[in-house]
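A quick write-up on the structure given underneath.
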Amino acid sequence: PNKLLRITEDGTLLYTMRLTVRAECPMHLEDFPMDAHACPLKFGSYAYTKSEVMYEWTREPAKSVVVAEDGSRLNQYDLMGQTVDSGIVQSSTGEYVVMTTHFHLKRKIGYFVIQTYLPCIMTVILSQVSFWLNRESVPARTVFGVTTVLTMTTLSISARNSLPKVAYATAMDWFIAVCYAFVFSALIEFATVNYFT
């Protein structure tokens, strides 16, 4: 880390340190890909209690954390803002000051609209075309039904590969399930009409 220590004539001590930190952000993906997250970054001293070192935000809370406009772009997220807070943590060795900043992120949805939502919608519309075909056109209706079901299966698998493995259904999973139900119902309708006529 880069460090700077400066002592002024009146005895004021300025000590700064530049750190590069890789931090994780706990995310709840139930609303994926329309999700938003508040990623916390906490820092404080392990060695000095609050009686020895007291941290304070240097400016008003809204301006204490400065985020570069360029060079720190996130491909999947928009930085909506940040909030700051400070508190005291009690441990067996004393009380320590902990500073926290939350970075509020919102996922960019454009990629998912183009790669998943529009293809699913178009596949559902295509599956409904079989309703306007002559009921005696068995090969054509079969091709529409089977092709759209297989297309939805492929879209579902590719969409699931674009997010971490989670044990619960996301908003995209529910959307794909509803689309799949529409596509599959068109195939069932064809089979029913073909059976009873």
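The values are calculated or read from the model by the stated rules, or taken from the named source; none is laboratory data. Not measured: the values here are computed from a predicted model. Quick reminder, even Gly has a Cβ in these numbers, built from the backbone with ideal geometry, and neighbours come from all protein chains shown.
Does segment 153-174 include one or more residues that are surrounded by 16 or more Cβ atoms within 10 Å (Cβ to Cβ), under 30 Å from Glu24 (Cα atoms) and acidic (Asp, Glu)? Yes, there is a match, as at least one residue in segment 153-174 is surrounded by 16 or more Cβ atoms within 10 Å (Cβ to Cβ), under 30 Å from Glu24 (Cα atoms) and acidic (Asp, Glu). Looking only at residues in segment 137-146 that are surrounded by fewer than 15 Cβ atoms within 10 Å (Cβ to Cβ) and in contact (Cβ under 8 Å) with a residue 12 or more places away in the chain, which one is nearest to the chain's Cα centre (by Cα)? Here the residue is Val146. Within segment 161-175, if we keep just the residues that are among the aliphatic types (A, V, I, L, M) and not in a helix (DSSP H, G or I), the residue that is modelled with the lowest pLDDT turns out to be Leu163. Residues that are in contact with a strand residue (DSSP E or B) (Cβ under 9 Å, 6 or more places away or on another chain) and farther than 25 Å from Asp31 by Cα within segment 89-115 comprise Val89, Gln90, Glu95, Tyr96, Val97, Val98, Met99, Thr100, listed in sequence order. Can you find a residue that is more than 30 Å from Ala167 (Cα to Cα), of a type in the set (D, E, K, R) and not assigned by TED's automatic domain parsing to the domain that holds Thr116 anywhere in segment 81-100? Yes, some residue in segment 81-100 is more than 30 Å from Ala167 (Cα to Cα), of a type in the set (D, E, K, R) and not assigned by TED's automatic domain parsing to the domain that holds Thr116.
Residue selection: Leu13 satisfies the criterion of being surrounded by fewer than 10 Cβ atoms within 10 Å (Cβ to Cβ) and either modelled with pLDDT of 90 or more or out of contact with any Gly (no Cβ under 7 Å at 6 or more places or on another chain) (or both).
With a requirement of 3 or more residues that are touching a residue at least 24 places away in the same chain (Cβ under 8 Å) and more than 23 Å from the chain's Cα centre (by Cα), the strands (runs of 3 or more DSSP E) lying completely within segment 1-111 that satisfy it span 77-91, 94-107.
Would segment 104-121 turn up any residue that is at pLDDT 90 or above, closer than 30 Å to Val53 by Cα and surrounded by 14 or more Cβ atoms within 10 Å (Cβ to Cβ)? The answer is yes, given that some residue of segment 104-121 is at pLDDT 90 or above, closer than 30 Å to Val53 by Cα and surrounded by 14 or more Cβ atoms within 10 Å (Cβ to Cβ). With respect to Thr49, is the statement that it is over 30 Å from Thr170 (Cβ atoms) and out of contact with any Phe, Trp or Tyr (no Cβ under 8 Å at 6 or more places or on another chain) true? No. When each of Ser127, Ser158 is tested for being outside the structural domain of Val67 (by TED's automatic domain parsing), assigned to a helix (DSSP H, G or I) and either among the basic types (Lys, Arg) or touching a helix residue (DSSP H, G or I) at 6+ places or on another chain (Cβ under 6 Å) (or both), the lone residue that passes is Ser127. Of the residues Val193, Val178, the single one that is surrounded by fewer than 16 Cβ atoms within 10 Å (Cβ to Cβ), free of Cβ contacts under 8 Å to residues at least 24 places away in the same chain and part of a helix (DSSP H, G or I) is Val178.
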